Amino acid sequence: MKQDVIKTLGPSGTDAHAEAVRIGGENIELFPSFRAAIDDSETHGGRALVAAGYLDMNNGSVVDSWVDLHFSKLRSMTMVGVWESPTKPMCVAVHSEFSGEIADIRSAASHPATLQFVREHMPVDVAVSTVRAKPEAARLVSEQVVDACIGSVDVVESIKNLKILKKLEATMVWCLYEHR
């Protein structure tokens with residue numbers, strides 16, 4: 001019997017995409033947000049994979065989170081699995097033309113869920129822009145919109161004009177939902 005599609009955060013290269021492949025093979029649909037993925041599962045069926053660390057921010061304010069998403073779907077969706085697993089290796093990455101060290105970083109892009117790594121590994125006064133996925137953060141560094149990002153090592157290494165200053169490891173808690 002063919003398993004339902006797993007719907008989760010894209011684009012290709014996100015931790016969510018990698019975890020969906022790990023648990024469900026290639027029957028995956030990627031969405032611009034976890035909210036969009038679970039909304040689509042609610043309407044059209046399939047399972048939604050959501051990170052417990054899900055935060056969506058706009059101009060420094062939280063506009064959505066796993067807590068909000070979970071509570072808003074209590075009547076229509078049920079959690080059928082929850083587990084912890086390692087994320088893809090992450091890093092502090094800069095443009096290959098950036099000549100300084102981590103202490104010289106003045107601006108950065110980060111997914112809201114990885115802001116703790118910005119606080120731990122970058123200067124306290126760094127100006128931070130939040131993005132919906134780490135591949136977006138890497139793209140902003142590649143285009144020299146910001147000095148640095150917290151990115152996934154595999155994505156950063158696939159972009160020719162980026163370099164890694166420091167590697168990081170973490171785990172994430174994942175929640176799998178399906179329609180009631």
Open item on the list: Restricting to Cα pairs below 8 Å that are 6+ residues apart, what does the relative contact order work out to for region 15-69? Please round to a whole percent.
Closed with: 24
Task: Options Ile6, Val67, Ala127, ranked by Cα towards positive dipole end of the chain, top entry (Cβ charges) - done: Ile6
- [ ] Please report, as a whole percent, how much of the solvent-accessible surface of region 76-180 comes from carbon and sulfur atoms (probe radius 1.4 Å).
- [x] 50
Open item on the list: Around Gly46, under 10 Å between beta carbons, what's the net of Lys plus Arg minus Asp minus Glu among the other residues?
Closed with: -3
TODO: Would you grab the residues whose amide H sits under 5 Å from the one on Met57? Only those 5+ places off in sequence or on another chain, please, with H modelled 1.01 Å from N.
DONE: Val63
Open item on the list: What is the sum of charges, Lys and Arg at +1 and Asp and Glu at -1, for the other residues whose Cβ falls under 14 Å from the Cβ of Pro112?
Closed with: -1
TODO: Round to the nearest 10 and give me the degree value, 0 to 90, for the angle of helix 34-44's Cα axis relative to the longest principal axis of the chain.
DONE: 20
Open item on the list: What distance in nm separates the two pseudo spin-label positions at Gln144 and Lys160, each 7 Å out from Cα along the beta-carbon direction?
Closed with: 1.6
Open item on the list: Using the Karplus curve 6.51 cos²θ - 1.76 cosθ + 1.60 with θ = phi - 60°, what ³J(HN,Hα) values do you get for each residue of region 116-123, in whole Hz, with x for Gly and Pro?
Closed with: 4, 5, 4, 4, 7, 10, 10, x
Open item on the list: Testing the spin-label approximation: label points 7 Å from Cα along Cα→Cβ at Val62 and Glu120. State their distance in nm.
Closed with: 1.9
- [ ] Set the Förster distance to 30 Å, then compute FRET efficiency between Ala103 and Thr171 from the Cβ-Cβ distance, nearest 0.05.
- [x] 0.60
TODO: Express in Å², to the nearest 10, the accessible area of Arg132 obtained by rolling a 1.4 Å probe over the protein heavy atoms while all chains stay in place.
DONE: 100
Open item on the list: If I model a spin label at Val82 and Asp40 as a point 7 Å from the Cα along the Cα→Cβ vector, what separation in nanometres do I get?
Closed with: 2.5
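Enumerate by residue number the GluC sites (Glu not before Pro) in region 1-102 meeting two conditions: DSSP loop (anything except H, G, I, E, B), and at most 15 other Cβ atoms within 10 Å of the site's Cβ.
Of the GluC sites (Glu not before Pro), the ones in loops of region 1-102 whose Cβ has at most 15 other Cβ atoms within 10 Å are Glu26, Glu97, Glu101.
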Task: In order through region 10-24: 3J(HN,Hα) via Karplus (6.51 cos²θ - 1.76 cosθ + 1.60), integer Hz, x for Gly, Pro - done: x, x, 3, x, 6, 4, 4, 4, 4, 5, 4, 5, 4, 8, x
Open item on the list: Relative contact order of region 103-180, please, whole-number percent, based on alpha carbon pairs below 8 angstrom and at least 6 residues apart.
Closed with: 29
Task: Solvent-accessible area per residue, Å², over the chain with all protein chains present [probe radius 1.4 Å] - done: 49
Open item on the list: Could you tell me the relative contact order of region 1-119? Use alpha-carbon pairs under 8 Å, at least six residues apart, and round to a whole percent.
Closed with: 21
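The values are calculated or read from the model by the stated rules, or taken from the named source; none is laboratory data. Note that the coordinates shown come from a computational prediction; the quantities given were computed from them, not determined experimentally. Cβ sites come from the backbone with ideal geometry, for glycine too, and all protein chains shown count toward neighbours. Calculation scope for accessible area: heavy atoms of the full protein, side chains included, ligands and nucleic acids excluded. Shrake-Rupley method; radii C 1.70, N 1.55, O 1.52, S 1.80 Å.
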